[in-house]
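Enquirer: Structure incoming, see below.
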Amino acid sequence: MLLYSLAHLLRSGPPGAILDIGTARGFSAITMARALHDGSLKHRIYSVDVIDHRERRNWHVSRKHGPTDPLAASQVSRSEIWSRWYPDEAVHVEPLRASSRDVLENWEHGPILLAFVDGAHSYRAVKDDLALLDHRMAPGGVIVLDDFHPGMVLGGIRSRMVNAAFQRIASVVRRWSSRHAALRLGAHNEFLVVSRRFSGIYRAVSEFQHEREDAWKMEVVSMPSRGDYHSADYLLALLTRRE
């Protein structure tokens, strides 16, 4: 809804560019494209990923998508997904197979009105993306960064193995505990010491905003809980270029 709203607000001025870093199946690009379609807007979305648009692969991830997902256990390309389910939206998107660095270093599509950064989640990758976007964004342009988490000592480590161990402990405890309903061991909630994932994103964004505070203002948005993502574990950072 946030990406849709930001894209839908791009009404004034001549057609411009929207950049989507990290296409994957294309949900973010298609969401923004739907906003352009609904608003009859002429902006163009450039969606970047190292995976080719026509490469067939199994996109199904059991932890994020349920067994009713139409792509479960299917080998299908992003191109096929879009042409089958999102033909009206796909015409607004130009998929690019490249790294974000290569695309931004050779950018020739004019000032960027909106950028969604959800590619490589390392500190260096995000820092480089922000440095390259800095002078390519239009005045008032917005950069949205996914998975913005404030990091703890082991903040960059996913706690899936920790949760798996606790699931095993919980299964044993439930055999003799009459209070098993109150137990939350292994319930896919992130273990405290590693609860803040992708801390490199937080560090890169914080450094960028501190260094360029005169040019950018930042807002942190907490998204609604969904699936295994709890609201405290799913934050977005919005950087808006000052006019």
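The values are calculated or read from the model by the stated rules, or taken from the named source; none is laboratory data. Every value quoted in this text rests on a predicted model; they were computed, and no experiment measured them. Cβ atoms come from the backbone with ideal geometry, glycine included; neighbour counts cover every protein chain shown. Ligands, DNA and RNA are excluded from the accessible area calculation, which covers all protein heavy atoms including side chains. Shrake-Rupley method; radii C 1.70, N 1.55, O 1.52, S 1.80 Å.
Enquirer: Net charge near Pro111, counting Lys/Arg +1 and Asp/Glu -1 over other residues with Cβ under 11 Å of its Cβ? Display every interim value, and only then the final one.
Expert: On the way: positive: Arg136, Arg241; negative: none.
The answer is +2.
Enquirer: Please report, in Å, the Rg and the Dmax of segment 1-103, where both are computed over Cα atoms only.
Expert: 14.1, 44
Enquirer: Another one. Separation of segment 86-103 and segment 1-57 by C-alpha centroid, Å?
Expert: Measuring centre to centre over Cα atoms gives 8 Å.
Enquirer: With +1 on each Lys and Arg Cβ and -1 on each Asp and Glu Cβ, and nothing else charged, work out how big the dipole of segment 24-147 is about its Cα centre, in Debye to the nearest 20. Walk me through the intermediate numbers first.
Expert: Numbers: 16 positive and 18 negative charges, 59 e Å.
The dipole of segment 24-147 has a size of about 280 debye.
Enquirer: Across segment 93-153, how large is the tail of the calculated P(r) beyond 18 Å, expressed as a percent of all Cα pairs?
Expert: Working: 657 of 1830 pairs.
Result for the distance tail: 36 percent.
Enquirer: Please give the per residue accessible area of segment 1-116, computed with a probe of 1.4 Å over protein heavy atoms only, in Å².
Expert: On the way: 6170 Å² over 116 residues.
In whole numbers, segment 1-116 has 53 Å² accessible per residue.
Enquirer: With a 1.4 Å probe and all protein chains kept in place, how much accessible area does Leu3 have, in Å² rounded to the nearest 10?
Expert: The accessible area comes out at roughly 20 Å².
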